[in-house]
1. Considering every residue within region 67-84, establish whether at least one is modelled with pLDDT of 95 or more and aromatic (Phe, Trp, Tyr).
2. When you look at LYS73, is it out of contact with any Cys (no Cβ under 6 Å at 6 or more places or on another chain), free of Cβ contacts under 8 Å to residues at least 40 places away in the same chain, within 23 Å of ALA41 (Cα to Cα) and crowded, with 17+ Cβ neighbours inside 10 Å, yes or no?
3. Inside region 78-112, can you point out the residues that are buried (at least 18 other Cβ atoms within 10 Å of the Cβ) and within 24 Å of ALA41 (Cβ to Cβ)?
4. Residue under question is LEU44, and the condition is that it be of a type in the set (A, V, I, L, M) and within 19 Å of the chain's Cα centre (by Cα); does it hold?
5. Please work out which one of (1) over 12 Å from the mean Cα position of the chain (by Cα); (2) in the same structural domain as SER121 (by TED's automatic domain parsing); (3) of a type in the set (S, T, N, Q) is the condition ASN70 fails and give its number.
6. Condition first: in contact with a Ser or Thr (Cβ under 9 Å, 6 or more places away or on another chain) and of a type in the set (Lys, Arg). Now tell me which residues in region 80-133 satisfy that.
Amino acid sequence: MFYKKEQEQILSALIVEGPGYTLIEEDSALYTYPVDGWIHAESLNAAIAHFASAGKSTITLRQCKLALLNAGKLQDVLAYIDAMPEPQRTAALIEFDYANEVERSSVLLNTVAAAIGLSESELNELFESAKVL
């Protein structure tokens with residue numbers, strides 16, 4: 001389902017047409033969100049959580065790991081951390097296993113993202129997608 005926040009209302013639709021785009025549920029994984037303010041979320045609760053966190057620079061560790069899994073990057077991250085020298089490896093493992101939140105500006109996040117080949121825009125997209133998980 002697609003959702004958009006306008007003032008204090010949340011709009012929902014299965015198909016959204018706008019200038020130069022048509023969003024359809026079957027192709028929802030093909031789009032980079034938001035599209036003209038529209039996002040794709042599995043439920044209204046997920047959309048509400050997204051809009052509540054919009055603009056925030058943190059996500060939960062759970063959201064981070066699920067986004068990495070969905071993007072096919074979780075194993076790349078684990079392999080990179082495993083190959084780090086000590087004591088950086090242990091410090092990274094502690095962060096990756098026990099942090100409550102992940103900050104977008106985190107040195108570890110940005111270092112690992114660059115090491116596994118994520119561009120700045122890809123990392124931003126991944127971080128934003130994590131907010132609805």
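1. yes
2. no
3. Selection gives VAL102, LEU109.
4. Taking the combined requirement at face value, the residue satisfies it.
5. (1)
6. ARG104, LYS131
The values are calculated or read from the model by the stated rules, or taken from the named source; none is laboratory data. Computed from a predicted model, the values in this text were never measured in an experiment. Positions of Cβ are backbone-derived with ideal geometry, glycine not excepted, and every protein chain shown enters the neighbour counts.
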